[in-house]
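Notes follow the structure.
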Amino acid sequence: MKIYLSGLVGFLLVLTAEARVGNSSQLQFCTETEQCLLFDRICETDKYEVRHYDSVKWVSTDETSLFMDIAVMRAFKRLFNYITGANENGKKIKMTAPVLIKISEDKSFWQTGTYTMSFLLPSEDQTNPPKPNDNKVYIHRMAEMKVYVRGYGGWMTSMSDKIKASSLSSDLDLVGAEYNKGFHYAVGYNSPMTIFNRRNEVWYVVGDDPVCPSSEELDS
């Protein structure tokens, strides 16, 4: 009986860990992949929203460059090779959304920076993802987090990301929000082949209790 209960608890823990990588039909703006990173919306204003994300595994790579646009092309190719079979099992892994790019805030325009691109691992590979063949590609678990989010359309470029991130940061400063000012995430939901109705986001990690003035808090 104890063995049965122990096994059941373990099974439920696995289900819980995988539950936040789920069917894309649950998100209106995640339409190009079968699975997406799911979240709980904490609150929303006319300037931004606050979300809670559970801890999940990602496959990532770091790329150094003067410009995000160049780094992204190199990093994307490396990660795409991993999900199309460049791993210890030669396994093809489903593409998911979103794709994250971690960007340092202290980089000046003409200064070389390191950009970390991450693909979300699908639910079936969250528990035991295959090891990458490329030593520049690695698996890691991102801690659960709350983030301030602002969405926008069009193409994500170094310039558009910088403008949107600066605008969100200014709005957060105006309301006295505590957040990690050392970096932000540039977030994309679309294939490079998609021309219209693109969805991008900027995320700042919440540092303390989230601030949502003049908003209706939602049950999480």
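The values are calculated or read from the model by the stated rules, or taken from the named source; none is laboratory data. Nothing here was measured: the structure is a model prediction, and the numbers come from that model. Cβ atoms come from the backbone with ideal geometry, glycine included; neighbour counts cover every protein chain shown. Accessible surface is based on the protein model in full, side chains and every heavy atom, while ligands, DNA and RNA are left aside. Shrake-Rupley method; radii C 1.70, N 1.55, O 1.52, S 1.80 Å.
A few comments on the model shown:
- Residue-span extension gain [Asn197 to Asn135] - 0.36 nm each, minus C-alpha spacing: 18.8 nm
- Sum of -39500 (n - 2.57) over DSSP H runs of 4+, divided by residues of the chain (222 nm, nearest 500): -8000 deg cm²/dmol
- Choice from Leu168, Leu38, Leu27 with maximal GNM fluctuation in the chain (Cα, 10 Å cutoff): Leu27
- Net charge over other residues, Cβ less than 11 angstrom from the Cβ of Arg141 (K, R count +1; D, E count -1): -1
- Proximal charge balance of Trp155 [Cβ under 14 Å; K/R count +1, D/E count -1]: +1
- For the pair Asp40 and Asp106 in one chain, pulling the backbone fully straight at 0.36 nm per residue adds 20.8 nm over the alpha carbon distance.
- Among beta bridges from DSSP that stay inside the chain, the antiparallel ones total about 100%.
- Karplus-derived 3J(HN,Hα), 6.51/-1.76/1.60, for each residue of segment 172-188, Hz, glycine and proline x: 5, 5, 4, 9, x, 6, 8, 8, 6, 8, x, 7, 9, 9, 8, 10, x
- Heavy atoms of Met73 accessible to a 1.4 Å probe, total area in Å² rounded to 10: 130
- Potential lengthening of the chain between Asp69 and Met159 amounts to 31.5 nm, from the contour at 0.36 nm per residue minus the alpha-carbon distance.
- Prolate/oblate/rounded label for segment 14-125 (Cα gyration tensor, a/c 1.5): oblate
- Using θ = phi - 60° and Karplus 6.51 cos²θ - 1.76 cosθ + 1.60, couplings along segment 153-161 (whole Hz; Gly, Pro as x): x, x, 8, 7, 10, 4, 6, 5, 5
- Carbon-plus-sulfur accessible fraction, the chain (probe radius 1.4 Å, protein heavy atoms only): 54%.
- Rounded, prolate or oblate (a/c below 1.5 giving rounded, otherwise prolate when a/b exceeds b/c) for segment 136-195 by Cα gyration tensor: oblate
- Net charge contributed by nearby residues that have their C-beta within less than 12 Å of Met68 (K/R +1, D/E -1): +1
- The residues of the chain present an accessible area of 55 Å² per residue when probed at 1.4 Å with all protein chains retained.
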